[in-house]
Amino acid sequence: MKQRLMGGGFSIKTREAKDRFIDSKLKTVLAEFSADLVYYGLEIVLRKLLISSISLEIAQTIGVDYHAANEELHYYMRKKDQETHAQITDFINRFCQKANKSRI
(Lines give C-alpha, C1' and ligand atoms only; values in the text may rest on other atoms or scores of the structure.)
Protein backbone atom coordinates (compact mmCIF):
# COMPACT_ATOMS: atom_id res chain seq x y z
CA MET A 1 0.00 0.00 0.00
CA LYS A 2 2.85 2.36 0.83
CA GLN A 3 4.28 2.04 -2.71
CA ARG A 4 0.96 3.10 -4.21
CA LEU A 5 1.04 6.32 -2.20
CA MET A 6 4.58 7.17 -3.30
CA GLY A 7 3.35 8.52 -6.63
CA GLY A 8 2.01 11.65 -4.95
CA GLY A 9 5.42 12.51 -3.55
CA PHE A 10 7.07 11.93 -6.90
CA SER A 11 4.66 14.24 -8.68
CA ILE A 12 5.63 17.24 -6.54
CA LYS A 13 9.39 16.81 -6.96
CA THR A 14 11.39 19.15 -9.15
CA ARG A 15 12.09 18.18 -12.74
CA GLU A 16 15.75 17.63 -11.89
CA ALA A 17 14.89 15.30 -8.99
CA LYS A 18 12.49 13.36 -11.21
CA ASP A 19 15.16 13.07 -13.90
CA ARG A 20 17.74 11.81 -11.38
CA PHE A 21 15.31 9.21 -10.07
CA ILE A 22 14.37 8.00 -13.55
CA ASP A 23 18.04 7.92 -14.60
CA SER A 24 18.86 5.80 -11.55
CA LYS A 25 16.01 3.36 -12.24
CA LEU A 26 16.97 3.12 -15.92
CA LYS A 27 20.57 2.26 -15.05
CA THR A 28 19.43 -0.28 -12.42
CA VAL A 29 17.07 -2.08 -14.78
CA LEU A 30 19.63 -2.17 -17.60
CA ALA A 31 22.24 -3.56 -15.21
CA GLU A 32 19.83 -6.24 -14.00
CA PHE A 33 18.94 -7.27 -17.55
CA SER A 34 22.62 -7.28 -18.49
CA ALA A 35 23.39 -9.59 -15.57
CA ASP A 36 20.45 -11.83 -16.47
CA LEU A 37 21.71 -11.97 -20.04
CA VAL A 38 25.14 -13.13 -18.87
CA TYR A 39 23.93 -15.61 -16.25
CA TYR A 40 20.67 -16.92 -17.76
CA GLY A 41 20.71 -16.09 -21.45
CA LEU A 42 18.69 -14.27 -24.05
CA GLU A 43 15.52 -16.33 -23.65
CA ILE A 44 15.10 -15.40 -19.99
CA VAL A 45 15.62 -11.69 -20.66
CA LEU A 46 13.11 -11.75 -23.53
CA ARG A 47 10.66 -13.72 -21.38
CA LYS A 48 10.93 -11.14 -18.58
CA LEU A 49 10.45 -8.26 -21.01
CA LEU A 50 7.47 -9.96 -22.62
CA ILE A 51 5.77 -10.72 -19.31
CA SER A 52 6.34 -7.14 -18.13
CA SER A 53 4.83 -5.79 -21.33
CA ILE A 54 1.79 -8.07 -21.07
CA SER A 55 1.27 -7.10 -17.41
CA LEU A 56 1.47 -3.42 -18.29
CA GLU A 57 -1.03 -3.88 -21.12
CA ILE A 58 -3.44 -5.67 -18.76
CA ALA A 59 -3.04 -2.94 -16.14
CA GLN A 60 -3.71 -0.16 -18.64
CA THR A 61 -6.64 -1.94 -20.26
CA ILE A 62 -8.60 -2.93 -17.17
CA GLY A 63 -7.51 -0.03 -14.97
CA VAL A 64 -5.67 -1.85 -12.18
CA ASP A 65 -2.19 -1.26 -10.84
CA TYR A 66 0.77 -3.05 -12.37
CA HIS A 67 1.25 -5.35 -9.37
CA ALA A 68 -2.34 -6.62 -9.54
CA ALA A 69 -2.09 -7.17 -13.29
CA ASN A 70 1.19 -9.03 -12.84
CA GLU A 71 -0.38 -11.30 -10.19
CA GLU A 72 -3.35 -12.05 -12.46
CA LEU A 73 -1.05 -12.84 -15.38
CA HIS A 74 1.08 -15.19 -13.28
CA TYR A 75 -2.05 -16.92 -11.96
CA TYR A 76 -3.29 -17.40 -15.53
CA MET A 77 0.11 -18.62 -16.72
CA ARG A 78 0.31 -21.19 -13.90
CA LYS A 79 -3.23 -22.34 -14.66
CA LYS A 80 -2.46 -22.79 -18.38
CA ASP A 81 1.21 -23.65 -17.97
CA GLN A 82 1.82 -25.75 -21.08
CA GLU A 83 -0.20 -23.51 -23.38
CA THR A 84 1.35 -20.22 -22.24
CA HIS A 85 4.85 -21.72 -22.18
CA ALA A 86 4.41 -22.90 -25.77
CA GLN A 87 3.08 -19.51 -26.90
CA ILE A 88 5.90 -17.57 -25.27
CA THR A 89 8.57 -19.99 -26.46
CA ASP A 90 7.21 -19.84 -30.01
CA PHE A 91 7.25 -16.04 -29.95
CA ILE A 92 10.80 -15.93 -28.59
CA ASN A 93 12.00 -18.37 -31.25
CA ARG A 94 10.39 -16.35 -34.04
CA PHE A 95 11.78 -13.13 -32.57
CA CYS A 96 15.32 -14.52 -32.41
CA GLN A 97 15.09 -15.91 -35.95
CA LYS A 98 13.94 -12.57 -37.29
CA ALA A 99 16.63 -10.71 -35.33
CA ASN A 100 19.31 -13.05 -36.65
CA LYS A 101 18.12 -12.62 -40.24
CA SER A 102 18.20 -8.84 -39.96
CA ARG A 103 21.86 -8.93 -38.83
CA ILE A 104 22.97 -10.69 -41.99
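Screening region 17-59 for residues that are closer than 22 Å to Asn70 by Cα and among the aromatic types (Phe, Trp, Tyr) and picking the one that is surrounded by the most Cβ atoms within 10 Å (Cβ to Cβ) gives Phe33.
Residue count for region 41-88 satisfying the condition of being closer than 25 Å to Ala99 by Cα, within 16 Å of the chain's Cα centre (by Cα) and among the hydroxyl-bearing types (Ser, Thr, Tyr): 3. Can Leu5 be described as in a helix (DSSP H, G or I), surrounded by 10 or more Cβ atoms within 10 Å (Cβ to Cβ) and either modelled with pLDDT of 95 or more or not assigned by TED's automatic domain parsing to the domain that holds Asn100 (or both)? No: the conditions fail for Leu5.
Residues that are of a type outside the set (D, E, K, R) and over 25 Å from Ile92 (Cα atoms) were ranked within region 11-55; the one that is modelled with the lowest pLDDT is Ser11.
The values are calculated or read from the model by the stated rules, or taken from the named source; none is laboratory data. As the structure is a prediction and not an experimental result, all values here were calculated from the model. With ideal geometry, Cβ positions are generated from the backbone for all residues, glycine too; neighbour counts draw on all protein chains shown.
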